[in-house]
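Below is one structure, written out as structure tokens, with a few remarks after it.
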There are 2 protein chains.
Amino acid sequence: METIESQVDRFFNPRNVAIIGASRKPGKIGHIIVEQMVSAKFPGRLYLINPKAAKQGIHIMGIKTYASVKDPHGKIDLAIIVVPAKIVPLVMKECVEKRVPNAIVVSGGFKESGPEGVALEEQMMEVARKGKIRILGPNCLGTFSPKNHIDTLFVPERTTPRPGPGRIAFLTQSGSVGGAVLAFAHNEGIGISKFASFGNAVDMDEGDLIDYLEDDKDTAVTGLYLESVSRGRKFIDIARRASKNKPFIVIKAGRSEAGTRAVSSHTGSLAGTDRIYDAAFEAGGIIRVKTIGEFFDVSLALAFQPPMKGNRVAVVTSGGGFGIMTLDALADYEMEAPELSPKLQKQLHQKLPYYYGVKNPVDLTGSATAEQFSFAINTLLKSKEIDGIITIPLFMTPLLDAEQVTKAIIEASNTRKKPILVVTVPANEEIRQRLHRMRLEGVPAYELPLFGARAMAGLAKYGEILRRPTA
Amino acid sequence: METIESQVDRFFNPRNVAIIGASRKPGKIGHIIVEQMVSAKFPGRLYLINPKAAKQGIHIMGIKTYASVKDPHGKIDLAIIVVPAKIVPLVMKECVEKRVPNAIVVSGGFKESGPEGVALEEQMMEVARKGKIRILGPNCLGTFSPKNHIDTLFVPERTTPRPGPGRIAFLTQSGSVGGAVLAFAHNEGIGISKFASFGNAVDMDEGDLIDYLEDDKDTAVTGLYLESVSRGRKFIDIARRASKNKPFIVIKAGRSEAGTRAVSSHTGSLAGTDRIYDAAFEAGGIIRVKTIGEFFDVSLALAFQPPMKGNRVAVVTSGGGFGIMTLDALADYEMEAPELSPKLQKQLHQKLPYYYGVKNPVDLTGSATAEQFSFAINTLLKSKEIDGIITIPLFMTPLLDAEQVTKAIIEASNTRKKPILVVTVPANEEIRQRLHRMRLEGVPAYELPLFGARAMAGLAKYGEILRRPTA
């Protein structure tokens, strides 16, 4: 018998795909999906289903069209369905007859749109269950994986640019939040391993997807945007196991009273009070973040740096003000920035001028050199007094050799002894590119003290989760 | 007798300037300042003081050099001093003899660097007091005003790009934070009216500068970065008066215990506990923010939108998930997003489809049109149930006419009845430019729900400050 993993894998890695409802008209959803699959360089066969086009022998983007999913001779392992909701049960029946094992139902007009939609959703599921088809959706964007060359998203690349391959997976209940996450990742130069928008989650839910990603070799960190959880017990059980294996980060909207009320209106499901979610996430070893920005800050750190063994942070800076703001931000996230011991201070002053402050932050001032950055960071790496380092090289200082400092930080980070994060001011394009390059080389680099501080807090939280006794 | 205002004004708007310590060598601080004054198109005379160059008859950037500030025939109303600290008292004496009324002392090596520096600073001040010279600095960047074509900053434009003219003024104790603020403003397309870095504030302090900016017609909002306040009573008295006239926003670093400790090391002054600052800022009608990003979010809103008369916000969105996240973020900033009354909901449903949620958020869904955005916003503008609107048009939705929606929002905002802020996802360059354009047209637009929420909270806070009885 086939494993659940391989069933889920076909959503991300199908051999041959049918697009049911492929359209000739640019701008239509059924056309954008064809474009995106072509643009993603999907390596398998692409069968386009459109009865009218097939009758007239019309090709779409040079690809042959068929009247029904039953018509092609070859095997199809994933159907992407974009026809109106009313026809979906019928189309699903044809998929059963063709023995298509997986279907992404992109179409909306189901549970989310009222009583008639609820009935249609049940009808569709009855057919699917009998025919043993696994369904992602309905009312969703489907899947995206740059490494696997699949892109079923009906938001065009022109408006929603796609990120390159990377180590972070993202699952989302909301399509528009999903699109924003992909654009954000692209613009920040952050890669994505696998992305799935699961919409109404009538069959495949967040739990199934997390379960699958737990064993996915391409994924180092799993993220999830949620408004409500349908099967709470299952979700927490899966999360507790998965989070011991790789970090699992959740953005749960509806944190406030007003937000909870809005969730009920939006999804039609009972949102539950936020405190219950907080407790459940804590029990499940889930790291909760508030925003998309915070998600990426924490994910980047977890994807590339070791978790913290405690919560003591040292700051090495070339700007005094930024050092202080970073200490403030660390305190906001309940991290400690202890005053270094006299012994450690003395050690630092052996190679640093007497007028440099070395209590924490270690303030290398505007006269900082690459050697001093390297010396301070490596001295702190060896010390037992601290568990992680945030370093703040202000690359816009005219005297600082940016390239040398970058190399020194990457080298220190490669020892993998303790996490090292960088905070800098992306004053110009050159610095912004340097920041992206550091990210590519495994050193998470952030644009504001706040971002670095919350990323460090994520590393501390995951360290705490890993130290928990296994149940 | 000359007013204090016109004394201060010369730091931002001098007729003729002497740069004492102008250097021939590119990369040197004394050279960068010459470059920047030229690049800023300073319209007055520029006298470069460099004894060695003068002796050899050498020009710097085509400008004549003099051996002493006493040598030029013309009147000089501002001296920019970049010579080593030890020579500064001597140079200051020459300025007195030349009757130069204002001096920016860029040089470091004074109070901030130990006992010897303290003595030098006192020596310099003695000369200045006797000669009635007003001093900005020492250990500072000086001033920048694009409208007045002055730029005394020794950080080159290549690494620290300068913003264009605008309505926000910024004062800073820290030079590196100041440079970051300018770069941030430039990159976000935000304009600056006047900028001053006052360093050790041996004479001109934050209070004097705020006092001056209170009456500055080009400035709508004043910002300040502080690590410590030297003359607390004076500062609060000035702030209380100034804040009734225009909003006054402070980033005070050293909020945390660790941060406070670091401030003492960095500035050599007693930082005081943060609670005292909090109370003093509250008494002074000062809006306190945590970060540079928050400062600009709040400033943009205050520079262009009316303050709120209460704290009730309505959200009009084309993405359900973003509506919920915005409600959550508003709650984080103690703002209310009340459920709209049945009467108001009915009014909204008169022109909006029955399946659109209108409780708050008003969720126009992925089918949103420009007319619907306009109708919903204008209906809410007229309602007495809410004090401000955040609208979230997701411009990446293929069906939305971005240009029409932008026009509708700008038009509604021009009524100036209630504040309107925009949140959108800057998925691509086109949307990012649209966002900057909205900012230019007076509609503050933000990249994340959190940013819009904290900006709205700033408008509510300033409304509360304005409603306070005048002492």
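The values are calculated or read from the model by the stated rules, or taken from the named source; none is laboratory data. As the structure is a computational prediction, the values presented were derived from the model and not from experiment. FYI the Cβ positions are ideal-geometry reconstructions off the backbone, even for glycines, and counts take in every protein chain you see.
The lone criterion from (1) within 24 Å of the chain's Cα centre (by Cα); (2) buried (at least 24 other Cβ atoms within 10 Å of the Cβ); (3) under 30 Å from A:D237 (Cα atoms); (4) within 14 Å of chain B (Cβ to nearest Cβ) left unmet by A:S299 is number (4). For the range A:426-447, which positions are within 14 Å of chain B (Cβ to nearest Cβ) and in contact (Cβ under 8 Å) with a residue 60 or more places away in the chain? Residue satisfying the conditions is A:Y446 alone. Give me a count of the residues in the range B:359-392 that are more than 14 Å from chain A (Cβ to nearest Cβ), of a type in the set (A, V, I, L, M, F, W, C), free of Cβ contacts under 8 Å to residues at least 60 places away in the same chain and farther than 20 Å from B:E447 by Cβ. Total satisfying the criteria: 3. Being part of a helix (DSSP H, G or I), out of contact with any Cys (no Cβ under 7 Å at 6 or more places or on another chain) and surrounded by fewer than 22 Cβ atoms within 10 Å (Cβ to Cβ): is that true of A:R288 here? Judged against the criteria, A:R288 is not a match. When we screen A:I76, A:I80 for residues that are in contact with a Lys or Arg (Cβ under 7 Å, 6 or more places away or on another chain) and not in a helix (DSSP H, G or I), the only hit is A:I76. Within the set B:K194, B:K217, the sole residue that is crowded, with 24+ Cβ neighbours inside 10 Å and of a type in the set (D, E, K, R) turns out to be B:K194.
Of the listed requirements (1) in contact (Cβ under 8 Å) with a residue 60 or more places away in the chain; (2) touching a strand residue (DSSP E or B) at 6+ places or on another chain (Cβ under 9 Å); (3) of a type outside the set (F, W, Y); (4) surrounded by 19 or more Cβ atoms within 10 Å (Cβ to Cβ), A:A103 misses just one: (1). Scanning the range B:170-208 for residues that are within 30 Å of B:E122 (Cα to Cα) and touching a His at 6+ places or on another chain (Cβ under 9 Å) yields a single hit, B:S174.
Reported count of residues in the range B:113-143, each being assigned to a helix (DSSP H, G or I) and within 26 Å of B:I4 (Cβ to Cβ), is 10. In this structure, is A:K130 under 30 Å from A:R437 (Cβ atoms) and either surrounded by fewer than 22 Cβ atoms within 10 Å (Cβ to Cβ) or in contact with an Asp or Glu (Cβ under 8 Å, 6 or more places away or on another chain) (or both)? The answer is no for A:K130. When the range B:47-82 is filtered for residues that are within 18 Å of B:P14 (Cα to Cα) and out of contact with any helix residue (DSSP H, G or I) (no Cβ under 9 Å at 6 or more places or on another chain), the ones remaining, listed by number, are B:Y47, B:P72, B:H73, B:G74, B:K75. Can you tell me which residue is modelled with the lowest pLDDT among those in the range A:236-281 that are of a type in the set (D, E, K, R) and touching a strand residue (DSSP E or B) at 6+ places or on another chain (Cβ under 8 Å)? Step by step, filter the range A:236-281, then rank; the result is A:D274. Under the condition of being surrounded by fewer than 24 Cβ atoms within 10 Å (Cβ to Cβ) and touching a Leu at 6+ places or on another chain (Cβ under 8 Å), which residue from the range A:360-380 is farthest from B:N139 (Cα to Cα)? The selected residue is A:T379.
Go through the residues of the range A:377-397 one by one and say whether even a single one is in the same structural domain as A:G323 (by TED's automatic domain parsing), among the small types (G, A, S) and within 30 Å of the chain's Cα centre (by Cα). Yes, the conditions are met somewhere in the range A:377-397. Modelled with pLDDT under 95, assigned by TED's automatic domain parsing to the domain that holds A:P165 and closer than 28 Å to A:V118 by Cβ: does that describe A:K28? So A:K28 fits the description; yes. Only residues that are buried (at least 22 other Cβ atoms within 10 Å of the Cβ) and modelled with pLDDT of 95 or more were counted in the range A:388-411, giving 10.
Scanning the range B:144-165 for residues that are part of a loop (DSSP other than H, G, I, E, B) and either within 14 Å of chain A (Cβ to nearest Cβ) or under 12 Å from the mean Cα position of the chain (by Cα) (or both) returns B:L153, B:F154, B:V155, B:P156, B:E157, B:R158, B:T159, B:T160, B:P161, B:R162, B:P163. Residues that are surrounded by 24 or more Cβ atoms within 10 Å (Cβ to Cβ), in a loop (DSSP other than H, G, I, E, B) and small (G, A, S): does the range A:314-332 have at least one? For the range A:314-332, residues surrounded by 24 or more Cβ atoms within 10 Å (Cβ to Cβ), in a loop (DSSP other than H, G, I, E, B) and small (G, A, S): present. From the set of residues in the range B:200-256 that are basic (K, R) and within 14 Å of chain A (Cβ to nearest Cβ), which is nearest to the chain's Cα centre (by Cα)? Top of the filtered list is B:K252. For the range A:236-249, a residue qualifies if it is surrounded by fewer than 24 Cβ atoms within 10 Å (Cβ to Cβ) and not polar (S, T, N, Q), and the qualifying residues are A:I236, A:D237, A:I238, A:R240, A:R241, A:A242, A:K244, A:K246. Restricting attention to the range A:449-466, the residues being surrounded by fewer than 24 Cβ atoms within 10 Å (Cβ to Cβ) and in contact with a Ser or Thr (Cβ under 8 Å, 6 or more places away or on another chain) number 1.
Condition test on A:M456, is it under 28 Å from B:G293 (Cβ atoms), away from every other protein chain (no Cβ under 14 Å) and hydrophobic (A, V, I, L, M, F, W, C)?
Values: under 28 Å from B:G293 (Cβ atoms): yes; away from every other protein chain (no Cβ under 14 Å): no; hydrophobic (A, V, I, L, M, F, W, C): yes.
Judged against the criteria, A:M456 is not a match.
Name the helices (runs of 4 or more DSSP H) wholly inside the range A:1-65 in which the number of residues that are buried (at least 19 other Cβ atoms within 10 Å of the Cβ) and of a type in the set (V, I, T) is 3 or more.
Working: elements: A:4-12, A:29-39, A:51-55.
Those helices (runs of 4 or more DSSP H) span A:29-39.
Quick check on my filter: what residues within the range B:83-103 are part of a helix (DSSP H, G or I), of a type outside the set (D, E, K, R) and farther than 22 Å from B:I4 by Cβ?
The first filter runs over the range B:83-103 and keeps only residues part of a helix (DSSP H, G or I), leaving B:85-97.
From the residues that got through so far, the ones that are of a type outside the set (D, E, K, R) too are B:85, B:87-92, B:95-96.
Passing the criteria: B:A85, B:I87, B:V88, B:P89, B:L90, B:V91.
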